[in-house]
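Colleague: Dropping the structure in here first, questions after.
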Amino acid sequence: MNVCIDTTTCSGAYSGTGVYTASLLKSLRRINNVDHLTLMGGTSASLTEFGDRHLYKHLSSWHKLIQLHLHGNLPNIQADISFFPNYFIPAEWSIPSVVTIHDLSFITHGHYYTRRMRLFYSHMVRRSIEQAAQILTVSETTRNALYQHFPDLRAPVIVNPPGSRLGPRQLPEDTDSPYLLYAGNIEPKKNILAMMEGFRRADMQDVTLKLTGRLHAPAGFRKQFWDQIRSTPNIEYTGYIDETSLSGMMDQCIGLVNLSHVEGFGLPVREAIEKNKPVLISTDPALTELGRDEVIQTEADHPGNIAVGFQRFIKHIIQTPEVRYSRRPGWSEFRHHLESTISSVHRRYCPQLPTTKVSDNRIQQAIIEGAAYASVFKAPVAIPQLYQLLYRVSCSYQQYKAQLRKVVSSHKEIHSDGRYIWFDHSLNPTLHRHNHLTPNREFLGDHNGTIQLLSRLPGVRGLFYSGGSAHGSGLHQRDIDLFVVARSHMVWIAYTLIRLLVRLRRRQPTICTNYLVDQEALPITYQQDYFTAFQLVHLRPVPGCRSCPDIQSANGWILAYFPNYPLPAPPPKQPALRASRILKLINLALMHLWTRRWHKMNCRNLQGGMMWDAHRIKLHPNDNRPYIYRRFKEILHGMSKRFTPEKAKQTFTQP
């Protein structure tokens, strides 16, 4: 499985999000079914240690990456699942995604943000949760807030808190110069100024308060912060320190303090609990959830209350020299939930049918399954073709023919005339040719002039008949399904020109261009399942069309489903024709225009049968995949009922 992850926060001085992202990346590397990782952004040298593919490795601007470089999947990243650990998914992103929402402070504590920032975050987060296949949060508090402020959530929300990165205590406490520690960003919502004033009022001359972290605040806050540092001798600011130094400081402190108004990850609190250090927290719901009534809490709305809290905390430290906390979820649990998340998302977008060992019974089962699947499309299947479409069964043609004779002789429902195999009398090849194939050819002939014009439009590289139009089924008798290959970075231009021509020729909605890719997107990475593989092997180039690219050779994963299929060898790699910057901008502009129209029709990217980005368009608002799988199961279930339970058990495995 291929996974991509936004790593822009792994740059410079790591914030809590940077620490979380680095730990998420480390966990992904340890999951067995993750074969390849693509990292997007981030300047930390540690990102390149394992030789993963790293795009935009000199980019540390998270907004630039999300808003500009990944917009519409411009780099054409081909992955099965993507992770965005910092709120935002790029616009028109076509890869099933998992997004992490740390907190909703821009809503619940909006006075700490500018109006512009509140509006921006609200818009971007809403768009992200609409696009997400799954949402991760780090606390029940954030999960509840999501359901409260976004009641129309569709994606499941999973609470998967991170573990501690620092491990158990290694160094003894510094009893000569006892100090309390605050670790985290120095910013207004962390309630730093009130905490410092409360500590000053507590008048603890023998104890120092040490502040560590990045100073990330407006000028007015900075001035007040430095004024308090200068006026209070026993408050020290160390600046940002690395993980090793932080671990040593936490080992030697007598307690950790976090009186934040709103908390997301709460990583320093988790780490202090892991080291069995006394902890003083505010009544913020996320911190309360993390503390589990085992830490000291104080009202943090006023410096006077904070001063009382500090005095109680020091008294608690003196009276309880050894603290022991109940165990919190660690990285092993985090990795386990992460693996479940990946499997869940992958199953949803790439459902897998079961496999069994190759044996005579398995070959017979594959023959029956292949004929049953063809009957869903109300068509017999040619005997040589059925051999190529045996589901996950690799055998010789002689083995196949021997088991085919046994199937036909032992099952009255299955018929064969030596060339075709079919289930019931209505699918007899002669009747099928009379009822479906001949009318289908005549129907295609009536629209051939328009189709030939489509193939000559600027930007169109190739046209294929697909679906019922390719194999002459009766599933869609009155429309023509076309699979379109466009030139690089011109898929939306080609789609717009096709729609205009079809409208001018009054062939709408007869001609349906329901799947378009450009030359950079020939490998189909979305929904790599049995249904998609079956559709790909049945694509038929439009006669008279200009040289169509060989799309089957670009999708070697077909062999995972149909090992006997004669997949063409990939052609020699040709240098890609670079599209001009103007064409790319026109392509993106058209993508946004069509997207706005589809949103008004309540169609969303990666929902139902819809999927699009800058390189590919899949338009199946009425997705036939669920119907076809359901009908397939019904046919197999109906056949299994006609046999004795013993024989059915030997022959059938329900998909």
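Colleague: Limited to segment 260-285, what total is found for residues that are farther than 21 Å from GLU299 by Cβ and either open to solvent by 20 Å² or more (accessible area, probe 1.4 Å) or hydroxyl-bearing (Ser, Thr, Tyr) (or both)?
Modeller: Number of matching residues: 3.
Colleague: Please specify each residue of segment 447-463 satisfying the condition of being part of a helix (DSSP H, G or I) and open to solvent by 30 Å² or more (accessible area, probe 1.4 Å).
Modeller: ASN448, GLY449, GLN452, LEU453
Colleague: Hey, another quick one. Taking ALA79, is it surrounded by 18 or more Cβ atoms within 10 Å (Cβ to Cβ), touching a His at 6+ places or on another chain (Cβ under 6 Å) and part of a loop (DSSP other than H, G, I, E, B)?
Modeller: no
Colleague: Could I ask something else about it? For segment 50-70, which positions are in contact (Cβ under 8 Å) with a residue 12 or more places away in the chain and either under 15 Å from the mean Cα position of the chain (by Cα) or assigned to a loop (DSSP other than H, G, I, E, B) (or both)?
Modeller: Across segment 50-70, the qualifying residues are PHE50, ASP52, TYR56, LYS57, HIS58, LEU59, SER60, SER61, ILE66, LEU70.
Colleague: Find all pairs meeting these conditions: Cβ atoms under 8 angstrom apart; at least six residues apart or on different chains; first residue within segment 18-41 and farther than 13 Å from PRO85 by Cα; second residue among the hydroxyl-bearing types (Ser, Thr, Tyr) and modelled with pLDDT under 90.
Modeller: ASN33/SER343
Colleague: Next question, about the same structure. State which residue pairs qualify: first residue free of Cβ contacts under 8 Å to residues at least 24 places away in the same chain and inside segment 483-512, second residue assigned to a loop (DSSP other than H, G, I, E, B) in any location, beta carbons under 9 Å apart, and separation of 6 or more residues or different chains.
Modeller: Short answer, once both residue conditions are applied: ARG499/GLN508.
Colleague: To continue, here is another question. State yes or no: is SER44 out of contact with any Gly (no Cβ under 9 Å at 6 or more places or on another chain) and not basic (Lys, Arg)? If you could, list the steps in order and put the result at the bottom.
Modeller: On the way: out of contact with any Gly (no Cβ under 9 Å at 6 or more places or on another chain): no; not basic (Lys, Arg): yes.
No, not satisfied.
Colleague: If you take the residues in segment 239-259 that are of a type in the set (Val, Ile, Thr) and crowded, with 19+ Cβ neighbours inside 10 Å, which one is modelled with the highest pLDDT?
Modeller: Top of the filtered list is VAL257.
Colleague: Taking the criterion of being over 23 Å from TYR113 (Cα atoms) and at pLDDT below 90, would at least one residue in segment 210-217 satisfy it?
Modeller: No, that holds for no residue.
Colleague: A further question follows. Hey, among the residues in segment 512-551 that are polar (S, T, N, Q) and in contact with a helix residue (DSSP H, G or I) (Cβ under 6 Å, 6 or more places away or on another chain), which one's surrounded by the most Cβ atoms within 10 Å (Cβ to Cβ)?
Modeller: It comes out as THR513.
Colleague: Ok, one more. In segment 552-563, what residues are open to solvent by 20 Å² or more (accessible area, probe 1.4 Å) and of a type in the set (A, V, I, L, M, F, W, C)?
Modeller: ALA554, TRP557, LEU559, ALA560
Colleague: Could you check how many residues of segment 31-73 are touching a Lys or Arg at 6+ places or on another chain (Cβ under 8 Å) and open to solvent by 40 Å² or more (accessible area, probe 1.4 Å)?
Modeller: 4
Colleague: Checking ARG327 against (1) among the charged types (D, E, K, R); (2) under 30 Å from ARG270 (Cβ atoms); (3) in contact with a Ser or Thr (Cβ under 9 Å, 6 or more places away or on another chain), only one condition comes out false. Which one?
Modeller: Evaluating ARG327 over (1) among the charged types (D, E, K, R); (2) under 30 Å from ARG270 (Cβ atoms); (3) in contact with a Ser or Thr (Cβ under 9 Å, 6 or more places away or on another chain) leaves (3) as the failure.
Colleague: Sort out which residues of segment 156-182 are among the hydrophobic types (A, V, I, L, M, F, W, C) and either modelled with pLDDT of 90 or more or surrounded by fewer than 20 Cβ atoms within 10 Å (Cβ to Cβ) (or both), and write them in order of number. Quick ask: steps written out before the conclusion?
Modeller: Within segment 156-182, the subset among the hydrophobic types (A, V, I, L, M, F, W, C) is 157-159, 166, 171, 180-181.
Across segment 156-182, the qualifying residues are VAL157, ILE158, VAL159, LEU171, LEU180, LEU181.
Colleague: Has segment 49-56 got at least one residue that is modelled with pLDDT under 90, in contact with an Asp or Glu (Cβ under 8 Å, 6 or more places away or on another chain) and not small (Gly, Ala, Ser)?
Modeller: no
Colleague: Restricting to segment 194-238, give me the number of residues that are of a type outside the set (Ser, Thr, Tyr), farther than 19 Å from ILE306 by Cα and open to solvent by 50 Å² or more (accessible area, probe 1.4 Å). Steps first, answer last, please.
Modeller: Residues of segment 194-238 that are of a type outside the set (Ser, Thr, Tyr), as a first pass: 194-207, 209-211, 213-230, 233-236.
Of the ones still in play, those that are also farther than 19 Å from ILE306 by Cα are 213-223, 226-227, 230.
Filter once more, so that each one left must be open to solvent by 50 Å² or more (accessible area, probe 1.4 Å): 214, 216, 218-219, 222-223, 226-227, 230.
The number of residues fulfilling the criteria is 9.
Colleague: Still on this structure, I have one more. Of all residues in segment 302-338, how many are of a type in the set (D, E, K, R) and at pLDDT 90 or above?
Modeller: 2
Colleague: Can you list residue pairs whose Cβ atoms sit under 6 Å apart, with the first residue in segment 297-315 being under 15 Å from LEU180 (Cβ atoms) and open to solvent by less than 90 Å² (accessible area, probe 1.4 Å) and the second being at pLDDT 90 or above and aromatic (Phe, Trp, Tyr)? Count only pairs 6 or more apart in sequence or on different chains.
Modeller: Once the first residue is under 15 Å from LEU180 (Cβ atoms) and open to solvent by less than 90 Å² (accessible area, probe 1.4 Å) and sits in segment 297-315, its partners that are at pLDDT 90 or above and aromatic (Phe, Trp, Tyr) give PHE310/PHE199.
Colleague: Are there any pairs with C-beta distances below 8 angstrom linking a residue in segment 116-132 that is more than 10 Å from TYR87 (Cα to Cα) and of a type in the set (Gly, Ala, Ser) to a residue that is open to solvent by 30 Å² or more (accessible area, probe 1.4 Å) and assigned to a helix (DSSP H, G or I), with the two at least 6 apart or on different chains, and if so which?
Modeller: SER122/ILE107
The values are calculated or read from the model by the stated rules, or taken from the named source; none is laboratory data. The model shown is predicted, which means the values in this text are computed figures rather than measured ones. Don't worry about glycine lacking a Cβ; one is built from the backbone with ideal geometry, like all the others, and counts go over all protein chains shown. Please note that ligands, DNA and RNA were not included when accessible areas were found on the heavy atoms of the full protein model with its side chains. Shrake-Rupley method; radii C 1.70, N 1.55, O 1.52, S 1.80 Å.
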